[in-house]
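Where a number appears in this text, it was derived from the coordinates with a stated rule and is not lab data. All values reported here derive from a predicted model rather than from experimental measurement. Neighbour counts run over all protein chains shown; Cβ positions are idealised from the backbone, glycine included.
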Amino acid sequence: MSKVSFKITLTSDPRLPYKVLSVPESTPFTAVLKFAAEEFKVPAATSAIITNDGIGINPAQTAGVKKISADNADPKKCFSKARFRTANNS
Amino acid sequence: MGDKPPGFWGSRSWIGCVEASLCLDHFGGPQGRLRHVPRGAGLQGELERLYSHFAGGGGPVMVGGDADARSKALLGVCLGPGTEAYVLVLDPHCWGAPKNPSELQAAGWVGWREVSTAFDPNSFYNLCLTSCNSEKQLPTRD
């Protein structure tokens, strides 16, 4: 089974701690996010992972998603999501 | 898009710049690149990047924060003499069809704001920098 590795940096922490995760390609990204959030002790629900050049990763994708090209697959960042409220539900 | 659990639709849960960038990608809109500004950092450190973004033809920048829950859209940046810096802020809650740009300004929907006062140092911010879609260029006005 092929594996993919990620270096995930917590950018909301000024010390920029990071974790290196290695998971099977078929792993749902929700699991990667959940695990990374647990490792960093931040809530998964308010966290997101983006590539090094700022592309957001839909957690519904699998870890081996081909959209993430080789030059921006590593490192990735995990940070707390900001919020905005749309006019419809304000 | 599958990024949220069942029950999110119709709820009063929050969304932010991350979801906005995923929507742009999902629905074939302009690309949105994300930048995280940690709590306390302020936007001073992002001014050069914002300047390059707009100077290079970049589109509006969506801004969302946590302690600062007032969403904003940046339409431009002005670096003044010394350390002064201003951003052109559009309130995305603006709706309707104004007769002219002055009406928008007079109503406070759009205006230049000094960076040090427009952003809360106690808040983190996420920025979503949108690229212009070259196939749908807006007509210029003389």
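Values as computed for the structure displayed
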read-out	value
Lys/Arg +1, Asp/Glu -1 at C-beta; chain B dipole; positive extreme among B:Ser123, B:Pro6, B:Gly76	B:Pro6
Label-point separation, B:Ser52 to A:Leu16 (7 Å along Cα→Cβ), nm	1.6
q = 0.16 Å⁻¹, segment B:35-124: log10 I(q)/I(0) [Debye, one scatterer per Cα]	-0.67
Residue list for segment B:48-81, given a label point 7 angstrom along the Cα-to-Cβ vector of B:Thr117 and an amide N cut-off under 20 Å	B:68-81
Cα-Cα over 21 Å, subset of A:Lys19/B:Lys4; A:Lys3/A:Lys41; A:Lys7/A:Lys34	A:Lys19/B:Lys4; A:Lys3/A:Lys41
Candidates B:Gly108, B:Gly28, B:Gly64, ranked by Gaussian network fluctuation over chain B, Cα under 10 Å, top entry	B:Gly28
Residues whose placed amide H lies under 5 Å from that of B:Gly76, excluding near-sequence neighbours	B:Leu88
FRET efficiency for B:Ser11 and B:Glu84, using Cβ-Cβ distance with R0 set to 35 Å, rounded to 0.05	0.25
Amide N of segment A:28-64 lying under 20 Å from the label point, which is placed 7 angstrom from the Cα of B:Ala67 along Cα→Cβ	A:42-43, A:46-47
Spatial separation of Cα centroids for segment A:11-43 and segment B:10-74, in angstrom	22
